[in-house]
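Following: one structure in structure tokens, then a few remarks.
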Amino acid sequence: MSKKKRIAELLKKYKHAWVFSYILLYVPWFLYLESQVTENYYVIHSWIDEKIPFVEYFIVPYLLWFVFIAVVFLYFSLRMWTDFTNLRS
């Protein structure tokens, strides 16, 4: 089976997958804005932030949380379309 046919079949099967193309626009735009806004911004910080200790062991679970959310969205979008639409709203 050629690559074009395979891609066409996948697009027919997962018509809703275009929703994930949003990330292709969002991430570069976010990175651009983050690098451009260097003045006239607000630092959101309070006194209680100074009291919270930094524990380096929590970095891994914190980052895994983002992976978990992405995997769940991908799983629901591919396996359970009706549940995915409920999850988005």
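The values are calculated or read from the model by the stated rules, or taken from the named source; none is laboratory data. Keep in mind that what you see is a predicted model, and the values were worked out from it rather than measured. FYI the Cβ positions are ideal-geometry reconstructions off the backbone, even for glycines, and counts take in every protein chain you see.
Key figures for this structure:
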| read-out | value |
| --- | --- |
| Residue in region 67-88 that is in contact with a helix residue (DSSP H, G or I) (Cβ under 9 Å, 6 or more places away or on another chain), of a type in the set (Lys, Arg), on the phi < 0 side of the Ramachandran plot and modelled with pLDDT under 90 present | yes |
| Flag for residue 68 being in contact with an Asp or Glu (Cβ under 9 Å, 6 or more places away or on another chain), surrounded by 10 or more Cβ atoms within 10 Å (Cβ to Cβ) and free of Cβ contacts under 8 Å to residues at least 12 places away in the same chain | no |
| Given (1) at pLDDT 85 or above; (2) of a type in the set (Val, Ile, Thr); (3) surrounded by 10 or more Cβ atoms within 10 Å (Cβ to Cβ), number of the condition residue 60 does not satisfy | (3) |
| Selected residue [surrounded by 10 or more Cβ atoms within 10 Å (Cβ to Cβ) and over 22 Å from the mean Cα position of the chain (by Cα)] from 9, 50, 39 | 9 |
| Residue that is nearest to residue 85 (Cα to Cα) [pool: residues in region 1-41 that are at pLDDT 85 or above and among the hydroxyl-bearing types (Ser, Thr, Tyr)] | 26 |
